[in-house]
Amino acid sequence: MTHSIRVHYDNGNGFLEPVMWVWVSDGATLEREVSVSGQDDFGVFYDMKYNRSSFNLLFKDGKGQDVRWEPADVNRVFHREMGDEIWVRADRHNIYHVRPAEPVGDLKEYYEKIRHLLPTENHYIPDTDVSGLGIPSLLGANLLTDGSILFGFFHPRAARVFLTGTINDWQCPGHAKPRKKSFIEMDLYRGYYYQPNIWLARIEPLDKDMVIEYKFYLQGGSTEMDKYVVDPYTRVFSEDYKYRNAVVVNPREFSWTDQDWKTPDIKDLILYELNIYGFTDNDADIPDEIQGTFKGVTKRIQEGYFERLGVNVLALMPTAEVPVKRGLGYEPCTFMAVEKDFGTPDDFRQMVNEAHKHRLAVIIDQVFNHTSNEYNPLWNLIDDGSGTGGFYFAGETMWGNKVATGKDEVDNMLIDSCKLFIKEYHIDGFRFDATHSYFLNHKLLLRIAHEIKDKGFKSDTILIAENLPNEKDINLDGYNGYAQWCNVFHDKVKALLREGEFENMPNDTKQLGSMFYFGKDSFAAHTNNVINYCESHDENSVQFEVATGGAHLQTPEIKERKARLGLFSTMVALGQPMIYMGQEFGIERERNRIKVPWNTAAEGTDRFYQWTCGLINLRKQYEELRISGYNPIDEGLFSWVAAPWLEDDKGGGQKVVGWRVKKSGDAQDGIMVLLNFEGHDVPLNTEFISQERLVKLADIEKIYDLPAVSVNDEKQYLETEIQEEQPEEFVLPPYGAFIYRFEPQTVGE
């Protein structure tokens with residue numbers, strides 16, 4: 001059967017004699033030069049008959065081979081279902097069955113016209129442009145101050161885009177019974193790089209209180225001829241699991257009361273990593289209806305749980321919408337939407353507001369390296385010919401598709417996500433998942449720091465990278481660089497505790513200094529560049545890991561002592577400490593377990609818990625345990641007193657480490673820390689304490705100097721038991737750890 005087609009070509013290459021070359025790749029003989037049939041305001045057009053289900057087409061300047069051609073990689077393929085009239089642009093491989101829209105204006109000019117209507121408080125209007133051209137994108141669904149809603153959508157390849165949803169009975173060209181008068185066609189504007197790539201529509205909703213669900217309907221530019229797509233900037237998805245519509249959210253309705261809150265300095269951070277679902281699921285103290293939700297965590301905050309524990313940062317595992325219910329959260333659908341299984345956006349805001357009231361910073365986990373494979377609105381959203389997945393992707397990771405970080409427009413979206421959570425949820429900072437340069441382009445991390453901190457969007461934002469193994473390029477100037485989960489500390493402490501190799505890290509005396517001295521000889525420029533931890537969602541608990549080390553490490557007593565030694569090491573090492581939920585009870589669990597067995601971890605009666613609270617609050621009380629800087633040794637604030645590289649009577653050749661540290665400007669030698677990872681007594685030379693009074697603050701079994709803890713603005717005083725010692729011979733017991741305070745002896749003593 002023979003078919004007729006008209007092909008429109010804009011002749012963007014400026015060919016003097018534009019000729020269309022048509023061929024098939026099935027081995028049959030269809031190779032044809034087609035001359036121009038006519039001209040219109042789009043360009044030139046060709047009328048042609050064909051008898052194939054598909055064919056390729058390319059354009060050139062004149063007949064024959066020895067002429068100027070379009071690049072061969074344009075690779076346009078026509079399929080018969082596209083219709084009998086198509087449109088082609090010279091700068092792309094896409095074929096359109098409708099005439100592509102022309103830009104109606106410049107986005108900067110539009111922005112200036114509506115600038116007076118843009119909300120400022122607790123509402124983020126996307127404006128990131130890492131190209132440096134200062135293009136305000138206005139993306140997403142944003143409620144303006146006059147009650148209208150502005151919808152913005154980035155798509156550089158679509159021919160036409162329609163807004164459709166509950167606002168117009170889902171009318172668009174794809175509707176089963178289309179009513180053209182109800183269509184809301186979006187206008188194309190010159191946006192990023194002054195190219196036509198951002199679509200806008202502004203509407204006046206008839207009912208101000210209606211819940212507006214919406215999608216965009218694309219004609220061309222995707223891997224499908226026509227396609228319904230979800231707004232990548234949606235703040236929340238609808239409840240419908242099948243259709244997953246975007247929902248318009250007003251972020252300004254919540255009443256914040258945290259105006260006096262200030263994000264703590266990096267050197268003072270003590271982080272508590274938790275999963276919103278797992279932290280309160282099956283907790284008998286939390287009502288059933290709010291277990292595993294933002295509200296469940298809020299109740300814990302209000303009860304003073306974290307204040308008693310002593311942590312001051314809630315490091316939330318991902319809060320972004322994922323297709324899997326009740327999981328870890330590391331499969332984001334998009335980057336602005338909040339997981340609806342955890343609660344509403346205002347539930348999230350209430351949790352953060354309460355956290356700030358209780359002197360707790362909140363950071364969220366951003367997964368920018370890959371997206372969900374099960375449900376992924378970005379997948380094939382923009383068919384730019386770049387390969388599998390389209391514009392937003394660049395290959396694969398071991399978890400699935402790899403996001404094309406480092407591409408300006410993609411980075412704009414990810415930076416907008418961070419800004420939105422700061423502005424609309426008062427988030428204090430971010431932990432970025434799997435940021436090694438193999439998974440994520442560090443150009444993005446550097447831009448985030450610049451756009452958010454350097455340009456004053458939130459200059460005290462906490463930025464943490466899971467950059468394993470650690471790389472130096474995100475240290476910036478050291479003090480202002482990224483804090484990285486410290487691979488040296490984690491792997492070495494696990495090797496020491498299990499008394500065997502861990503992740504190729506040997507159980508020997510090497511790197512003992514590095515792990516406690518903030519990886520200075522490894523990657524860090526400043527103590528601010530380090531997060532120390534021996535447990536996280538990704539790692540087995542200390543007790544579990546210790547039990548893999550051999551038969552002599554199987555008893556509950558030895559596993560608990562090792563768990564204490566690991567936690568003790570985390571709290572005294574230079575850098576910032578982090579614990580994982582349940583670690584305060586010494587819980588034994590495998591990696592990626594997110595439920596805390598509250599029925600066996602009884603707060604108030606558990607000795608391990610009480611010891612943990614005392615240890616964490618001790619770190620908060622003594623500035624010497626939070627010392628910061630580029631090199632405290634050079635500043636005279638830090639000195640080693642026991643180590644494998646020192647003399648035999650100072651721990652030489654043994655897995656023993658100790659140091660003295662004092663506050664900046666303090667003439668007193670304030671604090672001494674000693675740790676023994678050996679399974680036997682280690683005697684030490686006592687010359688370093690002979691002229692001073694030694695006061696024990698803590699050891700592996702007890703905290704002796706317990707500071708007052710403020711819970712709900714009321715001081716709760718804990719018992720203080722001063723332990724003065726003046727030993728003639730100092731012996732570190734097996735798997736022992738100590739914190740001492742030095743006090744000069746006065747004349748006459």
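The values are calculated or read from the model by the stated rules, or taken from the named source; none is laboratory data. The model shown is predicted, which means the values in this text are computed figures rather than measured ones. Glycine gets a Cβ as well: all are built from the backbone with ideal geometry, and neighbour counts include every protein chain shown.
When you check His123 against the structure, is it assigned to a loop (DSSP other than H, G, I, E, B), within 30 Å of Tyr50 (Cα to Cα) and under 36 Å from the mean Cα position of the chain (by Cα), yes or no? In short, no. Within the stretch 470-490, the residues that satisfy the criterion of being crowded, with 22+ Cβ neighbours inside 10 Å and assigned to a helix (DSSP H, G or I) are Val488, Phe489, His490.
Within the stretch 203-218, can one find any residue that is within 30 Å of Arg308 (Cα to Cα), β-branched (Val, Ile, Thr) and not assigned by TED's automatic domain parsing to the domain that holds Phe78? Quick ask: steps written out before the conclusion?
Step one: list which residues in the stretch 203-218 are within 30 Å of Arg308 (Cα to Cα), which gives none.
No, the stretch 203-218 has no match at all.
Assess whether Arg589 counts as being more than 19 Å from Glu501 (Cβ to Cβ), in the same structural domain as Leu328 (by TED's automatic domain parsing), among the basic types (Lys, Arg) and not in a loop (DSSP other than H, G, I, E, B). Taking the combined requirement at face value, the residue does not satisfy it.
Among the residues in the stretch 501-510, are any assigned by TED's automatic domain parsing to the domain that holds Lys407, surrounded by 24 or more Cβ atoms within 10 Å (Cβ to Cβ) and in contact with an Asp or Glu (Cβ under 9 Å, 6 or more places away or on another chain)? So that I can check it myself, show each step before the final result.
Let us first name the residues in the stretch 501-510 that are assigned by TED's automatic domain parsing to the domain that holds Lys407, namely 501-510.
Retained after the next criterion (residues that are surrounded by 24 or more Cβ atoms within 10 Å (Cβ to Cβ)): none.
So far as the stretch 501-510 goes, no, none of its residues is assigned by TED's automatic domain parsing to the domain that holds Lys407, surrounded by 24 or more Cβ atoms within 10 Å (Cβ to Cβ) and in contact with an Asp or Glu (Cβ under 9 Å, 6 or more places away or on another chain).
Kindly indicate whether Leu674 is over 37 Å from the mean Cα position of the chain (by Cα) and either surrounded by 14 or more Cβ atoms within 10 Å (Cβ to Cβ) or at pLDDT 95 or above (or both). Criteria not met by Leu674.
Pairing each residue of the stretch 544-555 that is at pLDDT below 90 with any residue that is among the β-branched types (Val, Ile, Thr), provided the two are 6+ apart or on different chains, yields C-beta distances under 9 Å for His552/Ile558.
The residue of the stretch 100-109 that is surrounded by the most Cβ atoms within 10 Å (Cβ to Cβ), among those that are in contact (Cβ under 8 Å) with a residue 12 or more places away in the chain and either charged (D, E, K, R) or not in a loop (DSSP other than H, G, I, E, B) (or both), is Leu107. For Gln291, state whether it is closer than 15 Å to Lys595 by Cβ, out of contact with any Gly (no Cβ under 7 Å at 6 or more places or on another chain) and among the polar types (S, T, N, Q). It is true that Gln291 is closer than 15 Å to Lys595 by Cβ, out of contact with any Gly (no Cβ under 7 Å at 6 or more places or on another chain) and among the polar types (S, T, N, Q). Pairs are defined by a Cβ separation below 8 Å, a sequence spacing of at least 6 or placement on different chains, a first member in the stretch 227-238 that is under 15 Å from Phe162 (Cα atoms), and a second member that is among the small types (Gly, Ala, Ser) and outside any strand (DSSP E or B); the pairs so defined are Tyr228/Gly174; Val229/Ser222. Strands (runs of 3 or more DSSP E) fully within the stretch 160-218 that include at least 2 residues being touching a helix residue (DSSP H, G or I) at 6+ places or on another chain (Cβ under 9 Å): 187-190, 196-203. Filtering Asp129, Asp207 for residues that are charged (D, E, K, R) and modelled with pLDDT under 95 leaves a single hit, Asp207.
The stretch 679-741 holds strands (runs of 3 or more DSSP E) entirely within its bounds, and those carrying 1 or more residues that are modelled with pLDDT under 75 map to 692-699, 709-711, 714-716, 723-725.
So for the stretch 506-519 (the condition being aliphatic (A, V, I, L, M), outside any loop (DSSP other than H, G, I, E, B) and without any contact (Cβ under 8 Å) to a residue 40 or more places away in the chain), does at least one residue qualify?
no
Against the test of being in contact with a Leu (Cβ under 8 Å, 6 or more places away or on another chain), among the aliphatic types (A, V, I, L, M), modelled with pLDDT of 95 or more and closer than 25 Å to Asp538 by Cβ, the options Leu274, Leu269 yield a single qualifying residue, Leu274. Going by what's in this entry, would Glu624 be described as in contact (Cβ under 8 Å) with a residue 12 or more places away in the chain, part of a helix (DSSP H, G or I), surrounded by 19 or more Cβ atoms within 10 Å (Cβ to Cβ) and among the charged types (D, E, K, R)? So Glu624 fits the description; yes.
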